[in-house]
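Written below as C-alpha cells is the structure these notes are about.
The values are calculated or read from the model by the stated rules, or taken from the named source; none is laboratory data. Given the structure is predicted, the values throughout are model-derived calculations rather than measurements. Here the Cβ positions follow ideal geometry from the backbone for every residue, glycine too, while neighbour counts run over all protein chains shown. Surface areas here come from the heavy atoms of the whole protein model, side chains and all, with no ligands, DNA or RNA. Shrake-Rupley method; radii C 1.70, N 1.55, O 1.52, S 1.80 Å.
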Amino acid sequence: MMAYLDGDWLELATPSGNTIRVLKASHPRARRLRLTVSPKGARITYPQGTHPSQVNAFLRHNADWLEKKLDELNLVVEPLPPLRLGTPIEFLLRGETATLDWAEGAYPRVVAYEGGLTLEIPRPHSRALPVARGLLASYFENQIRRDVSRWLAGYVPQLGLAPTALRVRPMKSLWGSLDTRDRINLDLALALAPPAALRYVLAHELCHLKVRNHSPRFWAHVESIFPDWREQRDWLRQNGATLKAELDRLIADVAD
C-alpha cells in the first residue's frame, strides 16, 4: 500500500487493487489531521507546515476505513428530486416510507400524523422554504433526543459511565462520535433510520467511554448492551448513503 502526492491530490493504492484520490488541503486553524468523506469524494485537511510524510502515513493508516466509506456512499447513483414549496414528497422517517405535505397555518410548525408530516406555513410565503427546512431540522433533532434520553436511562447504569453532553447535527461521513470531553455527537440523518439503527449508534458511542478503540474488548461491550448490533450496522452500511442524501435535500440550507 502506498500514497503519493500529485498537485492538490493524494492518491492511495489499496491492497484490494483500488486507487483512491483524496483532495488535500492545509488549514490555518487545523490542529490535527482530519479525513472526511462525502458524496463528492474524500478530503484530508491538516495543519500548515505538516510534513508530507505525516500526511501519507495518516492516510495509509486509515485506508480500510476510507475504502469502506466510499463504497457506502457509492450506493447512491441518482440524485433525489429537490424539496419544493407545496409539492408533496415521499421520504424515509424512522425507517418507514412517509409523506411530507404542505398546508397553510397560523404559524410555522410541523404536524405529525400516522404515515407522515405536514408542514404548516403561514402566508405570505416569502421565506417559506428556509423556514420549512429549519422546522424539519428541529423536528428530527427532537425525535432523536427523545429516543436517546429514554435509552440512556437503561444504558448508563449498565456501563457505569455517562456522556457529558449530546450534540445532534448533520455529519458528512460518520453516524456518531465521542470527543475528548466525552460528548456524544449523533448524525441528524439517524432520525430517518429505524429506531434500532439509532440505538446501535448510541450504544456504539457509549461503549467508547470504556474503550476508545475498536478492539475485541470494545465489541464485547457493544455485544453486552446491544446484541443485535451487527444487523443494524449492516442496515446502515446498505442504506446510509440514501439517508444522508435524503437529509441533505430536506434541510440543505440549515446543515452545518
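Observations, loosely collected:
- Accessible area per residue for the chain is 54 Å², calculated with a 1.4 Å probe on protein heavy atoms, without ligands, DNA or RNA.
- Rounded to the nearest 5, the antiparallel percentage of DSSP beta bridges internal to the chain is 65%.
- Förster radius 45 Å - calculated FRET efficiency between Val211 and Val110 (Cβ-Cβ, nearest 0.05): 0.70
- Segments 227-240, 25-38 sorted - mean Cβ within 10 Å per residue, highest first: 227-240, 25-38
- Take every DSSP beta bridge whose two residues both sit in region 129-256; close to 40 percent of them are antiparallel.
- Size of the chain: Rg and Dmax of its alpha carbons, in Å, are 20.1, 61.
- Measuring against 21 Å, Cα to Cα, the residue pairs Lys210/Lys244; Lys24/Lys172; Lys68/Lys172; Lys24/Lys244 contain Lys210/Lys244; Lys24/Lys244 as the ones spanning a longer distance.
- Cα convex hull of region 195-256, projected area averaged across orientations, nm²: 5.1 nm²
- Carbon + sulfur, % of accessible area of the chain - ligands and nucleic acids excluded, 1.4 Å: 50 percent
- Paramagnetic label zone (point 7 Å from Cα along Cα-to-C-beta, Glu231; backbone N under 20 Å) in region 195-213: 195-205
- Convex hull volume of the Cα atoms of region 30-142, normalised per residue: 164 Å³.
- 222 nm mean residue ellipticity, helices alone, for the chain (DSSP H n ≥ 4; -39,500 (n - 2.57); rounded to 500): -13000 deg cm²/dmol
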